[in-house]
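Everything below concerns the one structure shown next.
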Amino acid sequence: SDDELDRRILTAKATLGDSVVILGHFYQRDEVVRYADFVGDSYQLARAATERPDAEAIVFCGVHFMAETADILSTPAQRVILPNLAAGCSMADMADIDSVSECWDQLTALLGSDPDADGRLPVIPVTYMNSSAALKAFCGDHGGIVCTSSNAAAVLRWAFERGQRVLFFPDQHLGRNTAKAMGVPLERMPMWNPRKNLGGNDEQALQDSRVILWHGFCSVHKRFSVAQIDKARADHPAVRVIVHPECPMPVVDAADEAGSTDYIRKAIDAAAPGSTFAIGTEINMVNRLAAQYPQHTIFCLDPVICPCSTMYRIHPGYLAWVLEGLVDGRVENRITVPDGVADSARVALDRMLAVRP
Ligand code: 13P
Ligand code: SF4
């Protein structure tokens, strides 16, 4: 029962004390978030993984790429645990290292790899945090960097200082929305077509590009629509519409603001009492904000939207199981990134952590 699980988790947590830290992403369900020592967006959680070197174990209530990042950024002695190994991210799975490497080989064959007169390389790879450690390592090895939804513009500026173009993967929407807000015209953002060899892509468009987009997307955020925003505005004329930048461009354009999960939380926190918000992001987070800020009216743009089904796979039962394992000296569901991959990925992550948003 829920009470039994609650008792088991709290008992294990008390026994483990400071030897374990539980990190939780905003999209986790309430029944999990309530046990987290720190809740945040993916950038904050990456930082948090570096901030408790005293903890022997980091239990990561989030998805696989977040736990990989925590393993890369934490100390070698620390063990990172993902309570359910099936908690992946369908967007992260849309870019694999073989396809990106093949794209890179074709692009560099077309564009060359020598710097221009200003010392800028023909193309800089930028991976969204929502990607495998192998892709972060690829960026580390090729002069590239990682970004999250909270620092994408600052990271793109970093990349444009060093490169004439950016290859941005896996999320086409974050790449397009961010570059557009920075003034990059849409015609200079071609999408790489992975089903064709270079001949099938428009070579001139690639030459003229500023950002080459990958075809990935988030199945949760692609469901938001302009029609939902129109309806929210018709029903609530004073509504403030905030969406996550993983939403398609027309949705971001129709919203008042776009920002990371923590941006959304802070905007609500800072608003005058009695404000009305329509939010375009995952439902567990929106429902929690609505409960935490009863002085506002807060609703999800799509009330019937599914939660992120993979975030939802972290059930309190798994949390109890991994914590009790630690009490008994067992490390269940450990996430380890091999050293060779982790070292290169850390280069790209450290570049990101050094960028000031
Ligand atoms: P944040 O970086 O805003 O936490 O988003 C992570 C994510 O997976 C959104 O779908
Ligand atoms: Fe991945 Fe989308 Fe879930 Fe975020 S909300 S973890 S991008 S599937």
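The residue that is nearest to ligand 1 (Cβ to nearest atom), counting only those in the stretch 310-331 that are in a loop (DSSP other than H, G, I, E, B) and more than 26 Å from Met91 (Cβ to Cβ), is Val331. Among the residues of the stretch 87-100, are any closer than 29 Å to Val286 by Cβ and either more than 16 Å from ligand 1 (Cβ to nearest atom) or without any contact (Cβ under 8 Å) to a residue 60 or more places away in the chain (or both)? So far as the stretch 87-100 goes, yes, one or more of its residues are closer than 29 Å to Val286 by Cβ and either more than 16 Å from ligand 1 (Cβ to nearest atom) or without any contact (Cβ under 8 Å) to a residue 60 or more places away in the chain (or both).
Residues in the stretch 231-250 that are of a type in the set (A, V, I, L, M, F, W, C) and away from ligand 1 (no atom under 14 Å from the Cβ): Ala232, Ala234, Ala238, Val239, Val241, Met249.
Beta carbons closer than 8 Å, at least 6 apart along the sequence or on distinct chains, pair a first residue in the stretch 227-255 that is under 19 Å from Leu289 (Cα atoms) with a second that is outside any loop (DSSP other than H, G, I, E, B) and acidic (Asp, Glu) for Arg240/Glu257; Val241/Glu257; Ile242/Glu257; Val243/Glu257. Return yes or no: is Cys300 modelled with pLDDT under 95 and within 16 Å of ligand 2 (Cβ to nearest atom)? The answer is no for Cys300. Taken over the stretch 278-304, the criterion of being assigned to a loop (DSSP other than H, G, I, E, B) and either within 12 Å of ligand 1 (Cβ to nearest atom) or under 19 Å from the mean Cα position of the chain (by Cα) (or both) is satisfied by Thr281, Glu282. When the residues of the stretch 131-151 are filtered to those that are touching a Gly at 6+ places or on another chain (Cβ under 8 Å) and part of a loop (DSSP other than H, G, I, E, B), the one that is nearest to Met94 (Cα to Cα) is Ser149.
Working only within the stretch 152-187, note down all residues that are within 16 Å of ligand 2 (Cβ to nearest atom) and not in a helix (DSSP H, G or I). Hits for the stretch 152-187 are Phe168, Phe169, Pro170, Asp171.
The residue of the stretch 202-225 that is farthest from Asn177 (Cα to Cα), among those that are assigned to a loop (DSSP other than H, G, I, E, B) and more than 16 Å from ligand 2 (Cβ to nearest atom), is Asp202. Can you confirm whether the stretch 36-52 contains a residue that is free of Cβ contacts under 8 Å to residues at least 24 places away in the same chain and of a type in the set (Phe, Trp, Tyr)? Yes, the conditions are met somewhere in the stretch 36-52.
Mind listing whichever residues of the stretch 250-277 are in a loop (DSSP other than H, G, I, E, B) and either in the same structural domain as Ser149 (by TED's automatic domain parsing) or crowded, with 17+ Cβ neighbours inside 10 Å (or both)? Hits for the stretch 250-277 are Ala255, Gly259, Ser260, Ser275.
Taken over the stretch 80-110, the residue count meeting the criterion of being under 26 Å from Ala12 (Cα atoms) and surrounded by fewer than 20 Cβ atoms within 10 Å (Cβ to Cβ) is 3.
Restricting attention to the stretch 98-129, the residues that are under 22 Å from the mean Cα position of the chain (by Cα) and in a loop (DSSP other than H, G, I, E, B) total 1.
Within the stretch 323-357, restricting attention to residues that are closer than 21 Å to Asp6 by Cα and in contact with a helix residue (DSSP H, G or I) (Cβ under 8 Å, 6 or more places away or on another chain), the residue that is surrounded by the fewest Cβ atoms within 10 Å (Cβ to Cβ) is Val331. Within the stretch 282-310, residues that are free of Cβ contacts under 8 Å to residues at least 24 places away in the same chain have Cβ atoms under 8 Å from residues that are hydroxyl-bearing (Ser, Thr, Tyr) and in a loop (DSSP other than H, G, I, E, B) in these pairs: Cys300/Thr281, counting only partners at least 6 apart in sequence or on another chain.
The values are calculated or read from the model by the stated rules, or taken from the named source; none is laboratory data. Note that the structure is predicted; figures quoted are calculated from it, not measured. All Cβ positions, even for glycine, are placed from backbone atoms using ideal geometry, and neighbour counts span all protein chains on display.
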